[in-house]
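Here's the structure, in structure tokens; my notes come after.
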Amino acid sequence: PDDNAENFYDKVISIIENQLKRSAHAEAEVEKLKPAFAELHTVCGGKAKSLFAFFMELLPDDQRSQYTFQMWVTMVMKLPPKTKEIALDHFTEQFRDAMDVTDTAQDILPKVQKHIELNQDPAAAAAAAA
């Protein structure tokens, strides 16, 4: 009854436009992150818990307690909850799909570097992933 062109735009088209902007932004930012992601993946051996520790660092402090490892693996990585290792391509794709328009490679790269360094020091990596 109250469906018209303006309502259709607000309810459907604007949502699609926003999603397309988010997707294009995420694709461009992930391209900048791929070399660092490859290095992180190499030094941690693709261990899901190490990748989770990195991902958690990206969340605001007040949101970190809301995620468990199993939730992240299932909901963000879209893998079985007992997954031990994540392929680089899969991690990169799912990371891209979880990004929003406020996420930038410039903000993410220092955190990737921190986790590369943590994983180069096995004692530090174990402590961070625990």
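The values are calculated or read from the model by the stated rules, or taken from the named source; none is laboratory data. This is a predicted model, so every value here is computed, not measured. Neighbour counts are summed over all protein chains in view; Cβ atoms, including those assigned to glycine, are modelled from backbone coordinates with ideal geometry. We work out accessible area using only protein heavy atoms, side chains counted, and drop any ligands, DNA or RNA first. Shrake-Rupley method; radii C 1.70, N 1.55, O 1.52, S 1.80 Å.
Sequentially through segment 70-87, phi angles give Karplus couplings (6.51, -1.76, 1.60; θ = phi - 60°) of 4, 4, 4, 4, 6, 7, 8, 7, 6, 10, x, x, 9, 4, 9, 9, 10, 5 Hz, Gly and Pro residues having no value and appearing as x.
Database remark: amide H of Glu85 closer than 5 angstrom to the amide H of Ala48 (H placed geometrically; neighbours at sequence offset of 5 or more, or on other chains; Pro and chain starts carry no H). Cross-link partners for Lys84 among the aspartates and glutamates, with Cα-Cα distance under 18 Å and sequence neighbours closer than 8 places in the same chain left out: Glu93. For the residue pairs Lys32/Lys78; Lys78/Lys114; Lys11/Lys78; Lys34/Lys82; Lys21/Lys82, alpha carbon separations beyond 31 Å are given by Lys21/Lys82. Between the helical axis of 14-44 and the longest alpha-carbon principal axis of the chain there is an angle of about 10 degrees. The stretch between Asp107 and Thr74, if pulled fully straight at 0.36 nm per residue, gains 9.4 nm over its current Cα-Cα span. For Asp62 and Asp121, the difference between the fully extended length at 0.36 nm per residue and the C-alpha to C-alpha distance is 18.5 nm. With protein chains left intact and a 1.4 Å probe, residues in the chain average 61 Å² of accessible area per residue.
Of the chymotrypsin sites (Phe, Trp or Tyr not before Pro) found in segment 1-105, those that fall in a DSSP loop while having at most 16 other beta-carbon atoms within 10 Å are Tyr67. By the helix-only formula, in which each DSSP H run with n ≥ 4 contributes -39500 (n - 2.57) and the sum is divided by residues, the chain has a 222 nm mean residue ellipticity of -20500 deg cm²/dmol. Full extension of the segment from Lys82 to Ser23, taken as 0.36 nm per residue of separation minus the current Cα-Cα distance, would add 18.4 nm. Counting protein heavy atoms only, segment 55-108 has 51 percent of its accessible area on carbon and sulfur, 1.4 angstrom probe.
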